[in-house]
Amino acid sequence: MVKHAFSHVSHWVFDLDNTLYPPHARLFDQIEVRMTRFVMEALNVTRPEADRLRKVYWAEYGTTLAGLMRVHGVDPAPYLTEVHDISLDHLDRDTELAAHIADLPGRRIVYTNGSAPYAERVLEARGLAGLFDAVYGVEHAGFRPKPERAAFEAVFARDGVEPARAAMFEDDPRNLTAPHAMGMRTVHVAPDPHEADHIHHHTDDLTAFLSRLV
């Protein structure tokens, strides 16, 4: 039945963080440390205040960067370079996941709220480089973040995604709201399910889920 639900899909869109690698890799632990430090230095605030602002901006604007840009006029380029300069040494290559992604019929892309260069590094570390037709970061959406519908529309227009024939794989439930509204098949990839009308499928094992589609 799951395979049938994806029989119309010819465009496969994957988030990156905690989707194309497992959450236990905890890359965001490193990123959050750098984000906090950047906020402290850019706004001249204490660490507790920087952490508070990160959470507020994530909730209100979709990402910390979006809040920094809108409220403080922060230049996104140095931020993206700084916060993504992390170690990927502990990421494992996943040949089984790579094989199942390669088997998907049609066009395959990565779309992340991080930067495209960072995404390319992660894909290389995971053994997934060369499997995707394109890799898009927040810069390709004019620095508008998911979950904003305008961000999805910008990236999808750039790539030629037809939402009615596309599927979105994403770990953050709120980032599936716009894809669902646009007519996409939605898959929540996370340890725990999130019950919501805009989520069609949930999996805690992307590799196993993809193995059922082809």
**Prompt:** So R107 clears everything in (1) open to solvent by less than 70 Å² (accessible area, probe 1.4 Å); (2) among the basic types (K, R); (3) under 29 Å from H202 (Cα atoms) except one condition, right? Which one?
**Reply:** (1)
**Complete:** Residue hits (the range 34-70; of a type in the set (V, I, T), modelled with pLDDT of 95 or more and either open to solvent by 50 Å² or more (accessible area, probe 1.4 Å) or in a loop (DSSP other than H, G, I, E, B) (or both)) are V45, T46
**Asked** Among the candidates H198, H202, H180, H188, which residue alone is assigned to a loop (DSSP other than H, G, I, E, B), of a type outside the set (D, E) and either touching a helix residue (DSSP H, G or I) at 6+ places or on another chain (Cβ under 8 Å) or open to solvent by 10 Å² or more (accessible area, probe 1.4 Å) (or both)?
**Response** H198
**Message:** Looking at (1) more than 28 Å from H8 (Cβ to Cβ); (2) surrounded by fewer than 16 Cβ atoms within 10 Å (Cβ to Cβ); (3) in contact with a helix residue (DSSP H, G or I) (Cβ under 6 Å, 6 or more places away or on another chain); (4) of a type outside the set (A, V, I, L, M, F, W, C), which one does D89 not meet, given that it meets all the others?
**Reply:** (3)
**Prompt:** What are the residue pairs meeting all of these: first residue in the range 56-83, first residue free of Cβ contacts under 8 Å to residues at least 24 places away in the same chain, second residue among the β-branched types (V, I, T) and surrounded by fewer than 19 Cβ atoms within 10 Å (Cβ to Cβ), Cβ atoms under 8 Å, and 6 or more apart or on different chains?
**Reply:** Y57/V71; G67/V56
**Message:** Quick check on this structure: which one of A134, A99, A116 is surrounded by fewer than 20 Cβ atoms within 10 Å (Cβ to Cβ), without any contact (Cβ under 8 Å) to a residue 24 or more places away in the chain and hydrophobic (A, V, I, L, M, F, W, C)?
**Reply:** A99
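Return the residues of the range 168-207 that are free of Cβ contacts under 8 Å to residues at least 40 places away in the same chain, out of contact with any Pro (no Cβ under 7 Å at 6 or more places or on another chain) and among the charged types (D, E, K, R); say none if nothing qualifies.
Selection gives D192, E195, D197, D205.
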**Item:** Members of the range 139-170 found to be among the acidic types (D, E) and open to solvent by less than 40 Å² (accessible area, probe 1.4 Å), listed by number
**Value:** D159, E170
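Could you check, for the range 141-159, whether at least one of its residues is among the basic types (K, R) and either on the phi > 0 side of the Ramachandran plot or not in a loop (DSSP other than H, G, I, E, B) (or both)?
So far as the range 141-159 goes, yes, one or more of its residues are among the basic types (K, R) and either on the phi > 0 side of the Ramachandran plot or not in a loop (DSSP other than H, G, I, E, B) (or both).
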**Prompt:** Is at least one residue of the range 80-95 small (G, A, S) and farther than 24 Å from K146 by Cα?
**Reply:** yes
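The values are calculated or read from the model by the stated rules, or taken from the named source; none is laboratory data. Bear in mind the structure is a predicted one, so any value in this text is a computation, not a measurement. Note that we place each Cβ from the backbone using ideal geometry, even for glycine, and neighbour counts take in every protein chain shown. Side chains included, ligands, DNA and RNA excluded: accessible areas come from the protein's heavy atoms. Shrake-Rupley method; radii C 1.70, N 1.55, O 1.52, S 1.80 Å.
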